[in-house]
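S.K.: Pasting a structure here, questions to come.
Please treat every number below as a calculation from the coordinates, not as lab data. A quick note: this is a predicted structure, and the numbers were derived from the prediction, not measured. Methodologically, a virtual Cβ is constructed for each residue, glycine included, from the backbone with ideal geometry; neighbour enumeration extends over all protein chains shown.
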Amino acid sequence: MNATAQLVLSYAMIIGSYIGVPLLLWAAFRWSYRWFAGGGRPIESFLPHPAPRPSRTARWAESLLLGALGGMALLATSEAVQLLQNGWEPTDQQRDRVLLILAAHAAAVGVAMLLCWWRTVAAIMWLVAWHVTLLFGGEVGLFAATRDIKAEGDIDQCPVIIDLGDQTDHVDILANGVYLGQSPIHTTIGALQALPAWESAPLDRNEDGYEPSTWSQHPLHVSPRPGSGESDKLRVFFRTELDGTDVGRNRGSSGGGGTFQGRSWYPATLSLDVQFKKREAVFRRIIDHARLRDYEVGPDWETTVASYGPALRNMLLDLAEHEPQLLGLLDRMAAREYALDDVKSAAEAWQKFQTIAAQANEQSSYATDSPAGRAVEQLAKLVDAHTVADAAVARLRSLGWAQVGDHWNRSRFGVPQFGTRPGWKPKRLQLQPSDFALAHLVHRLDRRLDAEMPYDDNVLEDRLIPELARYHTYYEISDFWSSYLGGNLAARLSNSGIYASDAPRHVPFVQNYEASERLQQLSKLDDPVAKRWRAEHSRDLLQHAEEICRQLRRHGGSSELEFVFLDDPHLPNSLAVQVWPFFRDAIRRGANAGDSHEPTAEQWRYLLRIEPNTTAQMYVDAWLVGRKEPHFDHGWHELIPKIPSDKRQQVLEQLVAKTSERMDQLKGQRQTNMKHELERLQRDLAKANRPQRAGEEIIDRISGHPSDVGTQIAIMTDAFKADRDQPYVQSLAESSDEREQRWAVAAVRLFPTQKNRERLNLLIKHVHENVRDSATQLAKELDEIAAKVPEPRQRKVRKASD
Amino acid sequence: MKPALLRWLLWQTLPVTSIAVPIFALFVALYPGPIFWMRDTTLWILILLHGYALHLCLGRPRSSSMAHLYCQGFSRQTLWRHVVVATWLAILAAWIPVAALIWSPARVWIQSNLLDNQRFFVLAPLERSSPVFILIAEMVWMAVLNYAWVREAQPFRGLRGGRWLARLFVIVALLMPFTQWDRIGPSWLVPTAMACWIVVGLIAFWGTFRLQSRMEVRI
């Protein structure tokens, strides 16, 4: 019997029982009444004679009362609530069950109203019995009746969506040698199963022989049996090509869905994470063009950037964290697109925002990293806070409490991209794309107002926090909103639900320790009011940190201590400085128990964050702890150059002396290992004894990896993030060491800022021929990049026959 | 209206009122969350107990006190009218402190300063309309109870039906806080339920009004 027939039969049985059973009872009662009332012979009429006036009044009154009370109970049943719940999207089976129960309830009320015209007592008792059953789990029987209605999905019909993780669209996707089309691909499992079967990926040939295959295998999980937890896996080899020239290199994939619920499929999704090397090279040229022009670019540059969509925008936003001029360029693009230069007043800014919000709804898409998102950030500087507060309050009220929650969380705005994907269809009464734009505006405006009045609650905090609090009457709300807006009111209310004010809650990742919700929230909140609260409750926070240290384990827990570094850890009496002894003891305990990962490195990182409140002896003591398990304690070597130069020499002298002593006590391989370590320390010490020059720490770090280009680049990138002037490049360029000069050329190529471009002139005139040549070649290349903007992306559609 | 009769009836309700007023007042003053008439089981139980106790004092046409009054020459209509008014006044006596606490700053002050409920002042506006709902709920419950006893005093069969109707009312009333439906339902749900509630009260009142002239007083 198929699923539909089973369902129809169940419907018929249950509804039939609710109408049929009362009718059968009626017939049986009528027969027995007639029989006994007639003394063994049936009497003429079963129904009583026409009722007198008061009796008729009672029948009317009671049938109407039963109808009204039954109607109320109908509304109040958990099934009706589920059905009416905002945004509830039931599976087919759930919907069937709910409708079934509601239909049965309606039938029961109807039967009761009819019974009133025979025996009102019987009608009332019938409905009482029904409601008692309903109240105390009568749904169980109905649930059991529909429980087995489980259909298995036809796996061929399962929809599949294949896209690229970085949202690059119009990429050619091939599967098992067959061209599927341009991303995003909408297909089915059946279509993928019909592809030619491949056991393995074909090797790609090049001039030198074979190279790693450009085909990569990605699994799609499909579960056709609802609730079984079992899934079938389909493996297909994919290849991606961008505009016919750039073949994607696989970096992995992610996916989900592919489950059969009731009688419909949730689509299986597969996001391919690929790297397009040629496109990345173009991206670099685009960015370098801006750098070489000192971020003064023309409309051509903007056109090129716009043509590459979110993939390039995200890259620019990532870089903008340390290179704010790039953010300025994105803002200028947004200003041009939305004519923001014409916006002069708060009213015009609000009008412009509404246009952007309406556009977001039309396109079913809004993202903070899009030009629209950048425009909203700029409008936040102009809009009137009261107008925004009015709009946000109205929207919160119309959405209802169930919809307000994680979408209003500030952390969502901390990441470069947040919003809705194109084609996103909100559920009934749910957030629209324009709501994301409004939330974004509120967040940015709140930041602006916080900067103007750090310790006073602004109008957004005054108006929105009570609204949000009201919507979360009984639940923990601090996670949702106190971290979103902050302020005095949020700090005052940042406890759990009203029934558990300041109740202790388990601290994540820390075993056997509970702390008050308020303490946990305000210890982490990056907000001026929370900062003041921390200053006032430093003793509580110290105890809190001490408890966390007491329970620290090898995996996790340290992250819970991050709060100690929030408020200027470099001050002599800072919380971080006070917590250091507890942290040190915790690491020592862990090391003694063999339960500590890189104990020296962990302690040194902590000490580096509380500089200058350390001594050389503190570094040495921390190092001695890690000597017990040297195999798991290597990370500290990387940190030596970061130790302030006034302590580094002392530290290294003691480390050399202690290593030397230890080496004498060891034998065999362990002694050899220790000898290597001693030699390394002695080299470090020799460097520490040299006179200092600009950026020497960076140069030392680079020279520690003479043949590892990847690490060199990472170190140079870190240095660029820390100081965009890059004084070490100057030192390298002025060096007489050819190897260091090469690093200087590499640094200029990596970060062709105007200053570095000028430093390149030094290298062009240099004595070493190789350096001179590569510097000259680089200068030529940079001149070309500065002169010409790369062409915008030319989308090409591959023919299926290619 | 006969003031002496009304006064006598109110005197009968005094024990119930003297217990109900402090209980209601304490409940409202100490209750930590905003009071929602459809959501709080305790409030519903208090309303149901208060109404039942009032009816034990006043509402039974076949009680000896009613027989005594009937013997004094009051008609059944007069007695019923005065019972209804006395019941309403007794409800108001318990309700006025509740409304005063909620509508004045007193409850916010008690919660914020005496009970350290820091969140209450932002939640307080949510319960502004609850006194109206509490009053309506009490009135409707009284109408249903009144119907139950007047029906029991009728000269026809099925006299127990009124009591069962009152029990059904209790079940439906308790279904609402149990399911917490108003919190996640659409915005029209609460007004619809309120309308149903008022309809129940009006039907019960209409039925009682039609039946009361034929009720039998047992002497």
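S.K.: For a 20 Å ceiling on Cα separation, which of these pairs sit above it: A:Lys755/A:Lys780; A:Lys277/A:Lys796; A:Lys381/A:Lys531; A:Lys647/A:Lys687; A:Lys352/A:Lys381?
M.R.: A:Lys381/A:Lys531
S.K.: Now for a different question. Rounded to the nearest angstrom and ordered from largest down, what semi-axes does the equivalent ellipsoid of the stretch B:74-151 get from its C-alpha gyration tensor (root of 5λ)?
M.R.: After scaling each eigenvalue by five and taking roots: 36, 12, 8 Å.
S.K.: If one computes the Cα centroid of the stretch B:17-88 and of the stretch A:236-260, what distance in Å separates the two points?
M.R.: 73
S.K.: In which sequence would A:Val128, A:Val305, A:Val247 go, from the one with the fewest C-beta neighbours within 10 Å to the one with the most?
M.R.: Ranking A:Val128, A:Val305, A:Val247 by Cβ neighbours within 10 Å, fewest first, gives A:Val247, A:Val128, A:Val305.
S.K.: Which of the peptides B:139-148, A:651-660 is most tightly packed, and how do the rest follow, judged by the mean count of other Cβ atoms within 10 Å per residue?
M.R.: B:139-148, A:651-660
S.K.: Another question, if that's okay. Averaged over its residues, how many other protein chain Cβ atoms are within 10 Å of peptide A:708-721's Cβ atoms?
M.R.: 0
S.K.: Which whole DSSP H helices in chain B pass both tests: a Cα extent of 24 Å or more along the axis and a mean Kyte-Doolittle value no lower than 0.0?
M.R.: TM-like helix candidates: B:3-30, B:41-58, B:76-103, B:130-152, B:161-179, B:189-211.
S.K.: Quote the relative contact order of chain B in percent (integer), defining contacts as alpha-carbon pairs under 8 Å separated by 6+ residues.
M.R.: The normalised contact order for chain B reaches 32 percent.
S.K.: How large is the dipole of the stretch A:696-787 about the Cα centre if only Lys and Arg carry +1 and Asp and Glu carry -1, each at its Cβ, rounded to the nearest 20 debye?
M.R.: 240
S.K.: Return B:Glu216, A:Glu377 ranked ascending by Cβ neighbour count within 10 Å, so the fewest neighbours appear first.
M.R.: Arranged by neighbour count, lowest to highest, B:Glu216, A:Glu377 become B:Glu216, A:Glu377.
S.K.: Of the listed peptides B:201-212, A:638-649, what is their order by residue-averaged count of other C-beta atoms within 10 Å, with the highest listed first?
M.R.: Ranking, from highest mean packing down: B:201-212, A:638-649.
S.K.: For a test of the definition: using alpha carbon positions, the gyration tensor, and the 1.5 limit on a/c, classify the stretch A:696-787 as rounded, prolate or oblate.
M.R.: oblate
S.K.: Provide a whole-number value for the mean count of partner chain Cβ atoms within 10 Å of the Cβ atoms in peptide B:190-199.
M.R.: If you average over the peptide's residues, the count of other-chain Cβ atoms is 3.
S.K.: Averaged over peptide A:485-492, how many Cβ atoms belonging to another chain are found within 10 Å of each residue's Cβ?
M.R.: Rounded to a whole number, the mean comes out at 1.
S.K.: While we're on this one: For a footprinting-style exposure proxy, rank A:Val797, A:Val171 by other Cβ within 10 Å, fewest first.
M.R.: Listing A:Val797, A:Val171 from fewest to most nearby Cβ atoms yields A:Val797, A:Val171.
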